[in-house]
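Student: After the structure tokens below, expect a handful of questions from me.
The values are calculated or read from the model by the stated rules, or taken from the named source; none is laboratory data. Every value quoted in this text rests on a predicted model; they were computed, and no experiment measured them. Here Cβ is always computed from backbone atoms with ideal geometry, including for glycine, and neighbour counts include all displayed protein chains. Side chains are part of the model used for accessible areas, which takes the heavy atoms of the whole protein and leaves out ligands, DNA and RNA. Shrake-Rupley method; radii C 1.70, N 1.55, O 1.52, S 1.80 Å.
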Amino acid sequence: MRRQGHDEPDRYDVQRNGPVEPRPWAARAAEALILATALLSPWAFGSVEAWAEWLIGASIALAAVLLAIAGCESGIRRRLLCGPGLAIAGLAVLGLVQAIPLPQAVFARLAPAAAADRAAMVPEQPESVLGDPGPVVGLSRPTLSLLPEATRHEVVRLAGLWALFQCVLGLGRRSAALRRFGRATAINAAIVAAFALVQALTWTGSIYWSRPSPIVDGWNTGGPFIGHGALAAYLNLGLGLALASLLTPDPDGRRRSGPTVLAVLPVLVLVAGLIGSQSRAGFVGMAAAGIVLAVVAGRKFATRAIAVAACAVPAALALWIAVDSGAASRRVASIGDARSLADRLEIWGASLRAGAHHRLLGTGLGSFAVAVAAETPTDHGVVFARAENEYLDILLEGGVVGLAIVAAGLVTLARRGLRALDAAIEPRDRALIAGALFSLTALAVQAAGDFSPHIPAIAVTVVILAAHVCALERPVAMAAPSPVLALSRRAHVSRHLEPAALALLALAILPHELARARAEACLAGTSLPPPGSSYPALIPRDESDADLLAMIDALGAALMDRPDWAEGHLRLGLAWVARYERTATDWMAGATGDSELAAMMGDPLWLHGRAHAGAPIAEIADQEPVHTCLVPAARAFLQARRCAPSLAAAHAYLASLDYLLDPRATAADHAARVRQLAGGDQATLALAARAAFQSGDAALAARCWRLGLQVRPWDWEDLALAAAASLSPAEVLADVLPPGAGWPTAVAELAYSSPEDAETRAVFYRASLDRLPSDTSLSPGERLHLEALARAGLGQPELAAPLFDAAMRREPLRGDWRENLVAWLLDRGDLDAAHRHAVLGVRLNPERPAIRRSLEKIDEAIARGTTAGSPFRHGSPSP
């Protein structure tokens, strides 16, 4: 018998205990197509765009058709009952249950808390828009998912992945297939790593030096991926398969004297790429997988793996530090630093709180951004589309049931992988499976710190690798195949029936992917971001009228393919509002000749105030800018609410257009929903506050302004001014300002700075002093400085001076404090002390030009023998 070589993988397979018949051309073509899909998908920006997902779906469908022609090997029941495959199918079924409209009684029984929340978000009867010729926008039907369209898309994705998993199982139990996939993926990953390094070193702000990237730092771009987490995940997958070649002895079973350069080079490049990606989760996943490999691969392979790691990791780290001046090492060193994980810990906490009302069945696959918005405590200026932890993500979106399905899939995959490792006869097969387990373990660990499995290219590669490992698992008791059964008509039909069903399933999901691809193509020529990137709350005011019309036409065309796309309806409404502002402002400017007055009257909220002040609604609705722009905007916001009742921005803009709705709910009703749903969205809260105030609910407006100040305390001035212009000082102090001693002083200097407001400022200063003892968030220096500001504002210089000095001694590098002190000393006419502190400030804080200007002003005053004449204003210090 000829020795089984690497060039004859299919004539003999030890895993099958003997020779196997040559495979039909269709089976070989199906394997080649699956392999090509896995290799090319990372290069298409991770296949996150709809056209790339459609191509992946088409490839899966074609592979299933080819397998239907060739026929699968026996063991259909074993393939269908494979644990990881059942987990994928189980998640798809869960998504179907979440997305299907349910009778109200069933919905209330399955999720009583969610049903109560929905009742508060959705009115009892549909609302129409005055002057809208279209049909009435219906109300959303009860679903477990907060975002049914996104959940349906996740179901389609999972169905495609399940079909892919079954196709790979249908290729048969051949270690050669895994070997070919492993070698190709390892080489491809090494090329991806090399490309990522080169692109980072020559970063121009664009992926492939042509497509603009939202990532500023070149090291965090992720090579062809949009984000470094997905890059690290793919490199981890390739690293395990590259290590398999180093652990593999020669084909005749002899041990190599040492690793060859061609075998070591991919490992070195991959480790360097992993370190260079600056993904902490990826680095932890690599380390954890190395430990697992050392445990499960056996002493011989573990010793060899440790030797390789001992050489490759330090070499790659040294190379990277030389290139990046230690930035990567500092990033890795921050893994245990809780401060560097503050944002991630915050969103993890929000995820757990958001799932409190959806513990059993979750909020719906793909609904994370909408579900977690209400529980996000801080406005970071971004939308959190994922939890940065796949297990918390599935716990929120799928509930306890979804997390149990994922856990069962991982456990069965690990069990089958270990069985395959034990069943391997040849050392090279054992090394191959050990490398695959390294890759899968690294991704499972990394998934606890990012969302890379949601990237289609990563998901496709993992599913193919997992299916190959499961195919090599030897059943505990496997009867010998019966020749009679093998030749029977029933067996012949079954060999072709399953892949034919898979082909029908894969073909059935292609129209869905094609519709999304068409919708995405409609937006390509505009300045709109890709679908799914955010849920905007701000009107696009910087766009020209032509650009706005292009947006409106593109969104209208896209919504023809995706009629339940909440983000699209919301963007369409915002574009119409922006066009109204531009049209109305131009119209008013021509009529009044006053550009400032025209800008004020062009604000839709000005019109909202007029409507609630008693202006005839019919006359307002008949105005051309209202009829042509605000009427379709109101309809778009109703559609957005229909698609996603928990979308805060839709309720906020409906509050601002409530006078156009019939039956007319008050703006306060919509604003109350916004306060419940907006979470850390300051812009949406500010809009709801103005609408509530103009509709007569000052108490609700105050609560919205207060929450807006809390979620974004570093960007508070506009909200404070709006509240001060609308409410009395007593209401601002009692109902708007959040807890904290710094708020009254800061708002007093900003909103009540005129001389006639001296008494009001004094009230606010005393309020700061009253709050100081209970404010435990302040450092000793901050406490001294705030008291000094309040004492200075109250005209108590003998008390303020020592407090200023004590605060500066505690924290001498606080340039903003020194600016306040210099201004106060100038106001008192104490030029010597002001000069001393200004000189010290220039030395300690040379980056602050205000101190340098104060020093120049003091020098001129000293030269003239006069005071500097600068009244004390400490510049509205941030609370």
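Student: Can you tell me which residues in the range 661-684 are open to solvent by less than 10 Å² (accessible area, probe 1.4 Å), among the aliphatic types (A, V, I, L, M) and in contact (Cβ under 8 Å) with a residue 40 or more places away in the chain?
Tutor: Scanning the range 661-684 gives LEU661, ALA667, ALA678.
Student: Can you find even one residue in the range 116-130 that is buried (at least 24 other Cβ atoms within 10 Å of the Cβ), touching a residue at least 40 places away in the same chain (Cβ under 8 Å) and touching a helix residue (DSSP H, G or I) at 6+ places or on another chain (Cβ under 9 Å)?
Tutor: Among the residues of the range 116-130, not one is buried (at least 24 other Cβ atoms within 10 Å of the Cβ), touching a residue at least 40 places away in the same chain (Cβ under 8 Å) and touching a helix residue (DSSP H, G or I) at 6+ places or on another chain (Cβ under 9 Å), which makes the answer no.
Student: Keeping to the range 82-107, report how many residues are open to solvent by less than 40 Å² (accessible area, probe 1.4 Å), part of a helix (DSSP H, G or I) and among the aliphatic types (A, V, I, L, M). Even if it seems obvious, please write down each step before you answer.
Tutor: Keep residues of the range 82-107 that are open to solvent by less than 40 Å² (accessible area, probe 1.4 Å), which gives 82-85, 87-92, 94-95, 98-99, 102, 107.
Retained after the next criterion (residues that are part of a helix (DSSP H, G or I)): 83-85, 87-92, 94-95, 98-99, 107.
When the remaining residues are screened for being among the aliphatic types (A, V, I, L, M), the result is 87-89, 91-92, 94, 99.
The total comes to 7.
Student: Do any residues in the range 749-767 that are under 12 Å from ALA724 (Cβ atoms) have Cβ atoms under 9 Å from those of residues that are in a helix (DSSP H, G or I) and basic (Lys, Arg), where the two are at least six apart or on different chains, and which pairs are they?
Tutor: GLU749/ARG761; TYR752/ARG761; SER753/ARG761
Student: All but one of (1) at pLDDT 90 or above; (2) open to solvent by 10 Å² or more (accessible area, probe 1.4 Å); (3) farther than 30 Å from SER726 by Cα hold for THR526, so report the exception by its number.
Tutor: All conditions are met except number (1).
Student: Does at least one position in the range 168-181 carry a residue that is buried (at least 17 other Cβ atoms within 10 Å of the Cβ), over 23 Å from the mean Cα position of the chain (by Cα) and within 30 Å of TYR659 (Cβ to Cβ)?
Tutor: No.
Student: Would you call TYR208 surrounded by fewer than 23 Cβ atoms within 10 Å (Cβ to Cβ), within 30 Å of ILE509 (Cβ to Cβ), of a type in the set (Phe, Trp, Tyr) and at pLDDT 85 or above?
Tutor: Criteria met by TYR208.
Student: Mind listing just one residue for me: the one in the range 182-191 that is of a type in the set (A, V, I, L, M, F, W, C) and either within 20 Å of the chain's Cα centre (by Cα) or surrounded by fewer than 24 Cβ atoms within 10 Å (Cβ to Cβ) (or both) and, of those, nearest to LEU268 (Cα to Cα)? Talk me through it step by step, then tell me what you get.
Tutor: Step one: list which residues in the range 182-191 are of a type in the set (A, V, I, L, M, F, W, C), which gives 184, 186-187, 189-191.
Right, trim to either within 20 Å of the chain's Cα centre (by Cα) or surrounded by fewer than 24 Cβ atoms within 10 Å (Cβ to Cβ) (or both) and you get 184, 187, 190-191.
Numbers: ALA184: 17, ILE187: 12, ALA190: 9, ILE191: 12 Å.
Looking at the filtered set, the residue picked out is ALA190.
Student: Quick check on this structure: which one of ALA431, ALA407, ALA420, ALA436 is open to solvent by 10 Å² or more (accessible area, probe 1.4 Å), farther than 17 Å from GLY449 by Cβ and assigned to a helix (DSSP H, G or I)?
Tutor: Being open to solvent by 10 Å² or more (accessible area, probe 1.4 Å), farther than 17 Å from GLY449 by Cβ and assigned to a helix (DSSP H, G or I) holds for just one of ALA431, ALA407, ALA420, ALA436, which is ALA407.
Student: Considering ALA634, ALA584, ALA652, which residue is open to solvent by less than 60 Å² (accessible area, probe 1.4 Å), in a helix (DSSP H, G or I), in contact with a strand residue (DSSP E or B) (Cβ under 6 Å, 6 or more places away or on another chain) and not basic (Lys, Arg)?
Tutor: Working: ALA584 fails: in contact with a strand residue (DSSP E or B) (Cβ under 6 Å, 6 or more places away or on another chain); ALA652 fails: in contact with a strand residue (DSSP E or B) (Cβ under 6 Å, 6 or more places away or on another chain).
Result of the check over ALA634, ALA584, ALA652: ALA634.
Student: What residue, of PRO135, PRO123, is assigned to a loop (DSSP other than H, G, I, E, B), more than 27 Å from GLU498 (Cα to Cα) and at pLDDT 90 or above? Reasoning before the result, please.
Tutor: Numbers: PRO123 fails: at pLDDT 90 or above.
Only one candidate passes the filter, namely PRO135.
Student: Out of the range 548-565, which residues are open to solvent by less than 10 Å² (accessible area, probe 1.4 Å) and in contact with a Phe, Trp or Tyr (Cβ under 8 Å, 6 or more places away or on another chain)?
Tutor: The answer is ALA558, and nothing else.
Student: Check off (1) in contact (Cβ under 8 Å) with a residue 40 or more places away in the chain; (2) open to solvent by 20 Å² or more (accessible area, probe 1.4 Å) for ASP735 and give me the number that stays unchecked.
Tutor: All conditions are met except number (1).
Student: Now a separate question. Quick check on my filter: what residues within the range 615-671 are among the β-branched types (Val, Ile, Thr) and within 25 Å of THR583 (Cβ to Cβ)?
Tutor: Within the range 615-671, the first condition is being among the β-branched types (Val, Ile, Thr), and the residues that meet it are 617, 620, 626, 628, 631, 666.
Scanning the range 615-671 gives ILE617, ILE620, VAL626, THR628, VAL631.
Student: Could you give me the residue pairs with C-beta distances under 7 Å whose first residue belongs to the range 505-518 and is open to solvent by 70 Å² or more (accessible area, probe 1.4 Å), whose second residue is of a type outside the set (Phe, Trp, Tyr) wherever it lies, and which are 6+ apart or on separate chains?
Tutor: Listed pairs, sorted by first residue: LEU507/ALA61; ARG518/ASP561.
Student: With the checklist (1) in contact with a Gly (Cβ under 7 Å, 6 or more places away or on another chain); (2) modelled with pLDDT of 80 or more in hand, flag the one item THR867 doesn't pass.
Tutor: (2) is the only condition that THR867 fails.
Student: Right, here's the next one. Of the residues that sit in the range 356-391 and are open to solvent by less than 30 Å² (accessible area, probe 1.4 Å), of a type outside the set (D, E, K, R) and in contact with a Phe, Trp or Tyr (Cβ under 8 Å, 6 or more places away or on another chain), which one is farthest from ARG706 (Cα to Cα)?
Tutor: Within the range 356-391, the match that is farthest from ARG706 (Cα to Cα) is ASN389.
Student: Could you list, in sequence order, the residues of the range 795-808 that are in contact with a Leu (Cβ under 9 Å, 6 or more places away or on another chain) and among the charged types (D, E, K, R)?
Tutor: The answer is ASP805, and nothing else.
Student: Which condition breaks for TRP587 when tested against (1) out of contact with any helix residue (DSSP H, G or I) (no Cβ under 6 Å at 6 or more places or on another chain); (2) of a type in the set (Phe, Trp, Tyr); (3) within 24 Å of GLN639 (Cα to Cα)?
Tutor: All conditions pass for TRP587, except number (3).
Student: Which residues, counting only those in the range 131-167, are among the small types (Gly, Ala, Ser) and surrounded by fewer than 21 Cβ atoms within 10 Å (Cβ to Cβ)?
Tutor: GLY131, GLY134, GLY138, SER140 - these are the residues of the range 131-167 that are among the small types (Gly, Ala, Ser) and surrounded by fewer than 21 Cβ atoms within 10 Å (Cβ to Cβ).
Student: Is there a residue in the range 316-331 that is at pLDDT 60 or above and surrounded by 17 or more Cβ atoms within 10 Å (Cβ to Cβ)?
Tutor: The answer is yes, given that some residue of the range 316-331 is at pLDDT 60 or above and surrounded by 17 or more Cβ atoms within 10 Å (Cβ to Cβ).
Student: Hey, another quick one. Out of curiosity, is ARG641 modelled with pLDDT under 90, part of a helix (DSSP H, G or I), open to solvent by 10 Å² or more (accessible area, probe 1.4 Å) and within 30 Å of LEU677 (Cα to Cα)?
Tutor: no
Student: Could you list, in sequence order, the residues of the range 543-562 that are under 18 Å from ALA521 (Cβ atoms), touching a helix residue (DSSP H, G or I) at 6+ places or on another chain (Cβ under 7 Å) and among the acidic types (Asp, Glu)?
Tutor: ASP561
Student: Condition first: open to solvent by 20 Å² or more (accessible area, probe 1.4 Å) and without any contact (Cβ under 8 Å) to a residue 60 or more places away in the chain. Now tell me which residues in the range 686-709 satisfy that.
Tutor: Passing the criteria: ALA686, PHE693, ASP697, ALA698, ALA699, ARG703, ARG706, LEU707.
Student: Collect the residues in the range 169-201 that are over 21 Å from LEU440 (Cβ atoms) and in contact (Cβ under 8 Å) with a residue 12 or more places away in the chain, keeping them in residue-number order. First the steps, then the outcome.
Tutor: Let us first name the residues in the range 169-201 that are over 21 Å from LEU440 (Cβ atoms), namely 191, 194-201.
If the condition is that a residue be over 21 Å from LEU440 (Cβ atoms) and in contact (Cβ under 8 Å) with a residue 12 or more places away in the chain, then ALA194, PHE195, ALA196, LEU197, GLN199, ALA200, LEU201 are the ones that fit.
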